[in-house]
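**Q** Handing you this structure, nothing more for now.
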Amino acid sequence: MADDTFPNLDETSFRSIDEETLFTPPRMAHPPRILLLHGSLRERSYSRLANEEAARILRRFGCETRVFDPHGLPLVDGVEESHPKVRELLDLVIWSEGMVWCSPERHGAMSGVMKTQIDWLPLKRGAVRPTQGKTLAVMQVSGGSQSFNAVNQMRILGRWMRLITIPNQSSVAKAFLEFEEDGRMKPSPYYDRIVDVMEELVKFTLLTRERADYLVDRYSERKESAEELSARVNRR
């Protein structure tokens, strides 16, 4: 016989699945808000150009987009969070409902510029969760043959930050051959894949944004909060 008893379960923190909240949340009327981060400071940055192309596609899908300029963003722990560029980044992340991360691959990894932007993003900022429950698409550009090291790393970070990282991704090989002089991307399977990724990102964002807070509401965090409250109330 199965022993369906739960002596270790905190009954005050455990909740059954609320199907009404999960399946029929109130619809949001505003366009999906997508923030795009790129990982290079070069004047002709192919990760920025890829992101700008992605932003055009997102706007075609009806989204509102913002591209963060990482110029002037200090290294993590080098300044206080009140630094203007840090506050700009954090405010944009809180504003967003989905993100695109696009990095060049350097030495088999994402760039330091890309990692610095991600490292500035906390799991919590007071009572606000800047990243949790939001959607994420990952892309990379390479100077040589196609690789997936950077997107794989960014997927790990996205999961760690509790982002809903979509299945599709883009990796543009020999990026210096894929853009015109004016910065627009040439027609190619690489361009088609970026369209695919943005289409999927918009679909996942529309599916999840109204229920993002509920999706990241967790038993363990409710239990911890209840224990903290109890300790505070009963403190002598």
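**Q** Run down Lys186, Lys174, Lys223 and say which single residue is more than 17 Å from Ser96 (Cα to Cα), touching an Asp or Glu at 6+ places or on another chain (Cβ under 6 Å) and at pLDDT 95 or above.
**A** Unique residue meeting the criteria: Lys186.
**Q** Which condition does Ser13 not pass, out of (1) open to solvent by less than 60 Å² (accessible area, probe 1.4 Å); (2) in a loop (DSSP other than H, G, I, E, B); (3) out of contact with any Lys or Arg (no Cβ under 8 Å at 6 or more places or on another chain), if it passes all the others?
**A** (3)
**Q** Go through segment 32-133 and tell me which strands (runs of 3 or more DSSP E), entirely inside it, have 1 or more residues that are of a type in the set (S, T, N, Q), closer than 17 Å to Gly158 by Cβ and open to solvent by less than 50 Å² (accessible area, probe 1.4 Å).
**A** It comes to 98-106.
**Q** Exactly one condition in (1) within 18 Å of Gly143 (Cβ to Cβ); (2) in contact (Cβ under 8 Å) with a residue 40 or more places away in the chain; (3) not hydrophobic (A, V, I, L, M, F, W, C) is not met by Glu199; state its number.
**A** (1)
**Q** Restricting to segment 13-41, name every residue that is aromatic (Phe, Trp, Tyr) and in contact (Cβ under 8 Å) with a residue 60 or more places away in the chain.
**A** Hit for segment 13-41 is Phe14, nothing else.
**Q** Restricting to segment 164-207, name every residue that is open to solvent by less than 20 Å² (accessible area, probe 1.4 Å), part of a helix (DSSP H, G or I) and more than 17 Å from Arg42 (Cβ to Cβ).
**A** Ile194, Val197, Met198, Leu201, Val202, Thr205
**Q** Look through segment 152-163, keep the residues that are under 20 Å from Arg209 (Cα atoms) and not hydrophobic (A, V, I, L, M, F, W, C), and return whichever of them is most open to solvent (accessible area, probe 1.4 Å).
**A** Restricting to residues being under 20 Å from Arg209 (Cα atoms) and not hydrophobic (A, V, I, L, M, F, W, C), the top hit is Arg159.
The values are calculated or read from the model by the stated rules, or taken from the named source; none is laboratory data. Since the model is a prediction, treat every value here as computed from it, not as a measurement. Every residue, glycine as well, gets a Cβ built from its backbone with ideal geometry; the counts of neighbours run over all protein chains shown. For accessibility, only protein heavy atoms count, side chains too; no ligands or nucleic acids. Shrake-Rupley method; radii C 1.70, N 1.55, O 1.52, S 1.80 Å.
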